[in-house]
Every structure is written in C-alpha cells, then in structure tokens.
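Undergrad: Take this structure, written in structure tokens, and hold onto it; I'll ask about it next.
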Amino acid sequence: MSGRAELGLRWRRFLGGARTRVLAAYLILLVFCTVVSLFTLHQVLISRAGERVDSDLVQETMEFRRLASDGRDPRTGEPFGQDPKAIFDVFLSRNVPAEGEAFFTFVGGQPYLTSGSGQLRRPEFEPFEPLGRVQQTTGGELELSDERRIRYLAVPVSSGGSQDGVFAVTIDLSGELEEVNDALQVAALVFLGVLLVASVLAW
C-alpha cells in the first residue's frame, strides 16, 4: 500500500472513529448553546436599554407636568394657568437635556421652541411635527433619514382654546445600541475562548 493510500485510510478511520463522532456532537452542542446564549443576551440588553430610555422619558415628562400644574410664572409670580408658551419658555430655560435627548414644543399644532443636544437640528424637526397634534399622551419610535432610531413621549397641554400645546421629549437610541453591541462583542469573544478551551479538553 502506498504512503498516500495509507494516509487516506488513516484519515477515513479517524473521521469515522467513535471519538471523532462524539467530539463533533459535543462541538455542535456547544456552538448551539453559544448562539442561543448570545441571542438571549442581546434580547435582555435591548430590553433593559429600552427600559432605561422609557424611564428617562417618563421622568422628563413628569417634571414638565409638575411645572405645568404647580409652577408659577417668574415674570408675574402667578400660576401659569393654561398658557403653554409661558410653560414652555420656563421649562426650556431651566432644564438642559442629557446627551442624546431633545425637547420639542408645539403651540397650535405648529413648532414653537426646541432645546437639544445638537444631534437634532432644524431640518430634522419635520419628522416630529405630527406630534404637535396629539390629543393624549403618546409614545413610540421614529427612524430618521440617517437611520437613527428616536424614541419619544409627547404630552398635550390644553388651554381650552386655539393655543393648545404639546411638549415632546425624544432620546436618540444610538448610544444605547452602541453599548449593547460593545457588550455583545465582549461576550462573543469570551464565549469563543470558552468554546476553544472546552474543545481541547473534550478532545
């Protein structure tokens, strides 16, 4: 038997051996568990990131509602009443949005004032203009032309007339998603290292 034929025979025996089949099944199981673990971790991180963003949105709207209901106009010392412009002016002058946040205000369905981190400029105000016509507290997500995902919460302010207003707070999800992706990359490297060590030990 030639050396090449003998080598081929040994290789076929190796592939058909019981240890090789057991190792292959073990590796397939490990890879499957790794993929499932990464997918589950991704879902958990996305869910927690969404919860953090929603909590920030609710906190900002609660502060706005507290000002609207209990605050006083510093110019007159009197309660705001139902003057949305006065409420917006005072709130935006006192509150600085966090990184990735932006505030939008509407009066009579038209854009009034905006305050943000600089991520959202005037040309990008247009996607949010429908929020100026909401009749009840409304939340959701928007995807901008540059593929950024924005989560928002809009709160109406009723004046009983034509000067109804809407306060909307938005948060850019890009930062949260980047953190999730970074965590997944680290987890993937750890899982890969564990998979290699486990494969060597199994062999």
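The values are calculated or read from the model by the stated rules, or taken from the named source; none is laboratory data. Bear in mind that the values here come from a model prediction, so they are computed numbers and not experimental data. Virtual Cβ from ideal backbone geometry, glycine too; neighbours counted across all protein chains shown. The accessibility values were calculated without ligands, DNA or RNA, using every heavy atom of the protein model including side chains. Shrake-Rupley method; radii C 1.70, N 1.55, O 1.52, S 1.80 Å.
Undergrad: Determine the per residue accessible area of region 21-101 with all protein chains present and a 1.4 angstrom probe, expressed in square angstrom.
TA: It amounts to 64 Å² per residue over region 21-101.
Undergrad: Sort 108-115, 39-46 for me by packing, meaning the mean count of neighbouring Cβ atoms within 10 Å per residue, highest on top.
TA: 108-115, 39-46
Undergrad: Which order do the peptides 93-103, 165-175, 179-189 come out in when sorted by mean C-beta neighbours inside 10 angstrom, highest first?
TA: The packing order, highest mean first, is 165-175, 93-103, 179-189.
Undergrad: As an exercise, identify the trypsin sites (Lys or Arg not before Pro) in region 15-85 lying in DSSP coil whose Cβ has no more than 14 other Cβ atoms within 10 Å.
TA: When the trypsin sites (Lys or Arg not before Pro) of region 15-85 are filtered for loop state and at most 14 Cβ neighbours within 10 Å, ARG75 remain.
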